[in-house]
Every structure is written in structure tokens, then in C-alpha cells.
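Just below is one structure, and these are the notes that go with it.
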Amino acid sequence: MIAEARKRVEKLRKEIQYHRSNYHINDKSTISGGVLDSLMHELSKLETEYPELITPDSPTQRVGGEVLSQFEKITHQVPMISLNDVFDEEELYQWEHRNKGIISHNDNWQYFVELKLDGLAVSLTYKNLEFVQGLTRGNGREGENISHNIRTIQDIPLDLSITEDNIQQLKSHNADLAERFQSKWQGSCEVRGEVYMRDSQLQKLNRELKTNGQSEYANTRNLAAGSIRQLDSSIAASRGLSFFAWGLITDLGQQTQQEEYWILKTLGFPVVKENILVSNIQEVQAYYKQVYSLREGIDFAYDGMVVKVNDKNIQDQLGFTGKGPRFMIAYKFPAEEVTTQVVDIISQVGRSGKVTPVAIMKPVNVYGVIVTRATLHNQDEIARLDLKIGDTVIIRRAGDVIPEIVKVLPELRIGVETEYQYPENCPECDTPLMQQENQVNRYCPNTKCPARNIGYLSYAVSAEGFHIVGLSEKLLIRLQEAGLLQHINDIFTLTLDDIRITAGFGEKSAHNLFTSIQNAKHISFRRFIQALGIPMVGSQTALQLSRTFKSLDDLLITTIEELQNIPDIGDKVSQSIIEFFHNTHNIDIISRLIESGIHIEYETVKQGKWNNKIICITGTFTSISRKELQAIIEEQGGIVGSQISSKTDILIVGLDAGSKLAKAKKLGIAIITEKELQDNDII
Ligand SMILES: [Zn+2]
């Protein structure tokens, strides 16, 4: 194990160093911050597990960045350390737990919580009330002298003469602190903080660039860092940089982190007004959620919080670990992109028999959700990613989007990775798989395949079909294993005891499920058609069939010609429907469903302004969701089409409409905008 860990550690270090030097030294990003964080996190976990692998040059032992040669190098009086990270609530509580183990006599665990700014850390020195020197963090021990650029930042005071107002304000916070401060203040100090750029300032600069036809800047962090490291100070001056102070190295009487914050304010430095004192670790967690949701409304970037033990005495007693001090940690926001390892690729058989490769991954938190699986769609996707079992991958998830593997990091391979073998036979029933011509997907042709059956049953009882609340896939499998369930109609003949015993349910839960099965016997024609699971028949085709045919009997005896005449139902779909109804097994299931008491509710044909019109939707809408718009179209007798074709009657366009709009224009299809829908009181 250690041999493998050693190889992994070496690869991780190389990869991290490559991206870090791009980020810190060349001020450009070759990878997202979230990805870099998760690589660092893995490295530091491995080093905790195998301390013998720690080397002085490991990225965990060093602050990011090097000293650039074109600037004068100056040694920091006190090193500029970097922070250890935590990524979730559990790690936050573990941090406190470890600290409590070191200092058991303390019972006051208050925390001062600060926004973690995404800028460039600097150290500022003042002597006899005057600014004398500004240094970058550099490698933590030595920084670059950037005093000439610091002088151009309007937020930074060059003279520390303190006004009577400021002293009065300090007194109002804490009279004792004001006294301590006044007895110590001699006009000299070292202050640390962050040079950053406001979002509004970046937008302003980009507007100017755009007007001049020049390319725009990507983000505030890289631009702030790039500006402060210019030899010509007029460049930094023109960029409109800002500053927030977060640290005071000199002892000016502060006994807590919060007192340090007040002194910085008294000295005339801008401080982040969202930084607060909380009384325990639970409140840290609560505030984390609050500041996370505040991001949109704040004019500068922050990527998490810095949590500091408030009491300076306790801070000193806690000491150091690895690269950072124990008394403070960076609590990062969930990243949209993280890394993890693919431990296996399995082949999953779906309802239609389609075999899909699925990546099984080491559990990882992506954007606040623990992810262990990601679909790989088909063999082409595996080839496109060049994915092997054992690979390190970048996972992305944003908003409500399903997590996906976006990239493999091949540099991290250690030679034990293996290729995925697409199965020749069904992994569930061992039937040889079929592949249709010109199609990448393979199918299990066995209609009695247990995987296909459970997949089908879960679909049939879902909200799109019978909508039986509480009938989970797990329960379906148990019922099947108990021999109580083979076909969909069996569900409707289950007794209360069948459910109670098989599911191991209490009286009440069993009764609830039994009731929801009875209620599901009343079903609309459209949902009944959907629940049959006819291949290629989705929600819109089911809607059209339910409108076209007066009854189930009419549908059962339909002909291919009749189906082809229905708008937006193509040849392939028609063929699939005919095949389904010519299969005696299917007809048998349908008659047994009706015998078990299923009552189909037929829809009254709607006469709306879009009767039988095929309407496509594209782009994003500001006043209505797509689902709502779809319901309105159906209410008006229309049918929502998925693809633009010569059969399409209308295209409704929102913002950022793409290829569908171009195609519709080419085909001369009527186009309606969101505003036109509003003007005509349709939405
Ligand atoms: Zn099978």
C-alpha cells in the first residue's frame, strides 16, 4: 500500500506544483480553484496517513508562490503562513475537536469569522506614522518589494495619524482596549491584508476594453495579482485596486481577534464589515450558510471563510501543524469542480434494455452533494474522455445539474489503471447483447431480463405512470424476490399483509402504501399509455395518442397508416407502437390490468387556439418556467415537439436561442417571442 501511496503522492505533488506555479507566479489559471483544492486535500490526507512520505518541498509544507527576480527580495519579519482547509461541517467540527484535545482547560471557544478574500495577500510596514514598505507574500519567508504600487491604492492610508473620532469609536466598543492601545501606540506597526479588485471595477475596465476592441479580463483575482506585480506603478494606478486589512502583527494591546479588527479600523484601514464574532462552532456553521448565500449581493469575490479562535492567548498555545497554524482554518465554499478517483466502471441495464456504462467513484462533495456515481452514456464517451478504471477525474456539478465527468487527469496515472471492457453478454441475464447498425448503444434483447423488468416497474409506478407514492425500487425488488411481483398488474392485487410482511412495514406505513395503490387505479389515458412503457413513446407521444384515440380499444386496433397521420409521430415510433400491440404478452398484461380494477379516465378533447399545432420551445424564459409553458401549450390543444422539422408549426423563443432558431428561420416556421406571448395574454 505504501508503495502505491508513495507513487500517488509524487504524482500529486508534480501536478499541484505545475498548476500552482501557473496560478501564483504567472497569474494565470490552468485549472479551477476547486480542482486544485481537492488535489491538495488528497495529498494532505495521504501525508497524514503516511507521515514518512512528507518532504520539506511538498506543496502542503509551503505557501504558494515564488519570489520573482525582477523585484527586490525582502525577508518577512514574521513569516506569512498559509492556512489549512476544511470543506464541510464534519471537518469543521473535527478541527475544533482536535484543538480541544490540545487545550483541555479552556471552555471559551468563541470564533472570529472573516470572509476569505480572493485577492493577493500583502504585508504593509509603517514607521513614525508613515507607510514605508509593502511586500507580497512571495514564498512566505521572502516577499517582493512592491511599495511603489501599494502607494497607488486609494484604500491604503499612507499616514496613520489617528483622529479623535476614531479613538472615541474604539472606546465605545471597549474602553479597556482603548486604554491598552493608547499606552502601546508609538506610530509603527505591520499590517497584513488583501489587495483585490471590486467586481464593478472589473466590469468598468472590461467595458473600456470592449469599446477599444481589445480582449477582456477573465477574473478579478488574476488581474489584481498581475497589476500589483508591475514595475511601472502607473499601470497599478490605472487599474483601481482596493484593499482590506485582516491582520495586525505588532502588539498594540489586542487580546482577541475581534480587538485586532477594531484596532485596524481605528488606524484607518478598511475592514470587511461582514466579519463577526460568534460564540461557538455551531454558530460558525450557521454563519457559513448565511455568507454563502450573500455572495451575489457583495461587490468583491470571496471563496469561503477564515475561522479564527478569538482568544489570542489560546491562539499562541495551539501552535502549528504542517503548513499552517492550528488556531485558524479556511472553510471553503463547495466547489463546482472537484477531483476524485474512478474505482470501477459497471454496466447498468435500463428499462429499454439499453446497457449504459456507469463510473463508480470515491465519494466526493461536489457543490454540496455527495457524489459516488456518474453515467458515462456509452462507449464513445469513454473513448472521448480516454477514461480508464483507476483514473483521477474532474467532476462538475452546477445548480441542479446532474454531476458529470468532464476530464481525466492522465498525468496522475501510476500504471495500474485498466481499460473498461464493454460486456458481450447482459450483466443481469447473460443473454448476448445486440447492437443496431450505426448505433453506439448495446441492448439486452431479453424482455424478461430481471434488470429490464425492475427498471420498467419503477418507471411504471413513477409520477409519469401510475404515480404510486412510497413504492421504491428497493421494495419492488423485495416483492419480486418474494415471488409476489412479476408484471405490473401484480401490484394491484397485492394484499395489505403482502405489503406489511414483505416490506417489513408497520401497520400504518403498510396501510398508506396499500391506499396509494388503490388510488392509483384511477389513471388518465395519457399516463396509462406512458405506464405501458412502449419503446420510443414518451410523454408528448402519449399525449397525442390519448387525444387521437377515443378509448383503449381503439388504440389497440390502430394501424400503421393511422399512426403515421398523427402530427409529429414518425415512422419509427409508429412501428414501435404497432409491434408493442401485436405482442400477445403485452396484450395479456393490459387485459389483466383492466381485470384488476384499473379505471382509465379519458380526456375531453380540448379546443384551444393551438389545436394540434406542433410547437417547439428554445432558449431561456424570464417570466415563466419551461414546464409551465409546456402546460399552457397543452392546455391550448398544442403538442410540444422536441426537434424542429418540416412538421413544426411554431417555435417559441426565449433568450439565447441557438441552433433551433436558425433552423426554424431556414424552414420558414412561425416564430413567437416571450414578449409576444405576454402581449397576447397567453402567459
Ligand atoms: Zn438482460
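The values are calculated or read from the model by the stated rules, or taken from the named source; none is laboratory data. Model, not experiment: these values are computed from the prediction. In this analysis, Cβ positions are derived from the backbone assuming ideal geometry, glycine residues included, and neighbour counts consider all displayed protein chains.
Filtering the stretch 222-242 to residues that are among the basic types (Lys, Arg) and within 18 Å of Arg207 (Cα to Cα) leaves only Arg239.
When Glu190 is tested against (1) within 20 Å of Ala121 (Cβ to Cβ); (2) part of a helix (DSSP H, G or I), only condition (2) is not met. With a requirement of 2 or more residues that are within 16 Å of the ligand (Cβ to nearest atom) and either out of contact with any His (no Cβ under 7 Å at 6 or more places or on another chain) or in the same structural domain as Phe549 (by TED's automatic domain parsing) (or both), the helices (runs of 4 or more DSSP H) lying completely within the stretch 421-534 that satisfy it span 450-460, 473-481. Of the residues screened, Lys388 is not one that is surrounded by 14 or more Cβ atoms within 10 Å (Cβ to Cβ), within 16 Å of the ligand (Cβ to nearest atom), more than 21 Å from the chain's Cα centre (by Cα) and charged (D, E, K, R).
Just for the stretch 31-57: of the residues that are assigned to a loop (DSSP other than H, G, I, E, B) and of a type in the set (S, T, N, Q), which one is surrounded by the most Cβ atoms within 10 Å (Cβ to Cβ)? Here the residue is Ser32.
Of the strands (runs of 3 or more DSSP E) that lie entirely inside the stretch 89-174, those containing 3 or more residues that are crowded, with 22+ Cβ neighbours inside 10 Å span 111-117, 120-127, 130-136.
Counting only residues that are aliphatic (A, V, I, L, M) and closer than 13 Å to Tyr456 by Cα, which one in the stretch 530-555 is nearest to the chain's Cα centre (by Cα)?
Going residue by residue through the stretch 530-555, those that are aliphatic (A, V, I, L, M) are 531-532, 534, 536-537, 542-543, 545, 552, 555.
From what's left, closer than 13 Å to Tyr456 by Cα: 531-532, 534.
Working: Ala531: 33, Leu532: 35, Ile534: 35 Å.
Ranking the qualifying residues of the stretch 530-555, first place goes to Ala531.
For the stretch 60-86, a residue qualifies if it is at pLDDT below 80 and not in a loop (DSSP other than H, G, I, E, B), and the qualifying residues are Thr60, Gln61.
Any idea which residue in the stretch 394-411 is farthest from the ligand (Cβ to nearest atom), counting only those that are touching a residue at least 40 places away in the same chain (Cβ under 8 Å) and in contact with an Asp or Glu (Cβ under 6 Å, 6 or more places away or on another chain)?
Taking the stretch 394-411 and keeping what is touching a residue at least 40 places away in the same chain (Cβ under 8 Å), we get 394-398, 405-406, 409, 411.
Of the ones still in play, those that are also in contact with an Asp or Glu (Cβ under 6 Å, 6 or more places away or on another chain) are 394, 396, 398, 411.
Working: Ile394: 33, Arg396: 32, Ala398: 35, Glu411: 38 Å.
Top of the filtered list is Glu411.
Inspection of the stretch 603-620 identifies at least one residue that is without any contact (Cβ under 8 Å) to a residue 12 or more places away in the chain and either within 28 Å of Lys521 (Cα to Cα) or among the hydroxyl-bearing types (Ser, Thr, Tyr) (or both). In the stretch 348-357, the qualifying residues are those that are outside any loop (DSSP other than H, G, I, E, B) and surrounded by 19 or more Cβ atoms within 10 Å (Cβ to Cβ), and the one that is farthest from the ligand (Cβ to nearest atom) is Pro357. Looking at Gly240, Gly253 in this structure, which one is of a type outside the set (A, V, I, L, M, F, W, C), touching a helix residue (DSSP H, G or I) at 6+ places or on another chain (Cβ under 6 Å), more than 30 Å from Asp316 (Cα to Cα) and modelled with pLDDT of 90 or more? The match here is Gly240.
If I filter the stretch 482-491 for residues that are of a type outside the set (S, T, N, Q) and within 20 Å of Phe525 (Cβ to Cβ), do I get at least one hit? Within the stretch 482-491, one or more residues are of a type outside the set (S, T, N, Q) and within 20 Å of Phe525 (Cβ to Cβ).
Would you be able to say whether some residue in the stretch 386-394 is over 28 Å from Ile2 (Cβ atoms), modelled with pLDDT of 85 or more and assigned to a strand (DSSP E or B)? Please lay out each step first, then the result.
So the first thing to find is which residues in the stretch 386-394 are over 28 Å from Ile2 (Cβ atoms), and the list is 386.
Filter once more, so that each one left must be modelled with pLDDT of 85 or more: 386.
Narrowing further to those that are assigned to a strand (DSSP E or B): none.
Scanning the stretch 386-394, I find no residue that is over 28 Å from Ile2 (Cβ atoms), modelled with pLDDT of 85 or more and assigned to a strand (DSSP E or B), so the answer is no.
Which of the strands (runs of 3 or more DSSP E) found entirely inside the stretch 572-658 contain at least 1 residues meeting this: at pLDDT below 90?
Working: elements: 599-601, 614-618, 650-653.
Because the criterion is at least 1 residues that are at pLDDT below 90, the strands (runs of 3 or more DSSP E) in the stretch 572-658 that meet it are 614-618, 650-653.
In the stretch 102-110, the condition of being in contact with a Gly (Cβ under 9 Å, 6 or more places away or on another chain), closer than 23 Å to Gln230 by Cα and of a type outside the set (Asp, Glu) is met by no residue.
Within the stretch 659-681, the set of residues being part of a helix (DSSP H, G or I), without any contact (Cβ under 8 Å) to a residue 24 or more places away in the chain and not hydroxyl-bearing (Ser, Thr, Tyr) comprises Ala662, Lys663, Lys665, Lys666, Leu667, Lys675, Glu676, Asp679.
Of the helices (runs of 4 or more DSSP H) contained entirely in the stretch 247-344, not one carries at least 3 residues that are free of Cβ contacts under 8 Å to residues at least 40 places away in the same chain, over 30 Å from the mean Cα position of the chain (by Cα) and closer than 27 Å to Ser38 by Cα. Scanning the stretch 563-603 for residues that are within 13 Å of Phe528 (Cβ to Cβ) and out of contact with any Phe, Trp or Tyr (no Cβ under 8 Å at 6 or more places or on another chain), we see that the one that is surrounded by the most Cβ atoms within 10 Å (Cβ to Cβ) is Ile590.
Where residues in the stretch 204-218 are surrounded by 14 or more Cβ atoms within 10 Å (Cβ to Cβ) and not hydroxyl-bearing (Ser, Thr, Tyr), which of them is nearest to Val132 (Cα to Cα)?
Here is the first cut: in the stretch 204-218, the residues surrounded by 14 or more Cβ atoms within 10 Å (Cβ to Cβ) are 205-206, 217.
Next, only the ones that are not hydroxyl-bearing (Ser, Thr, Tyr) stay: 205-206.
Numbers: Leu205: 30, Asn206: 33 Å.
Restricting to residues being surrounded by 14 or more Cβ atoms within 10 Å (Cβ to Cβ) and not hydroxyl-bearing (Ser, Thr, Tyr), the top hit is Leu205.
A count restricted to the stretch 1-16 and to residues that are of a type outside the set (Val, Ile, Thr) and at pLDDT below 85 stands at 1. In the stretch 354-382, of all residues being over 30 Å from Thr447 (Cβ atoms) and among the hydrophobic types (A, V, I, L, M, F, W, C), the one that is nearest to the chain's Cα centre (by Cα) corresponds to Val366.
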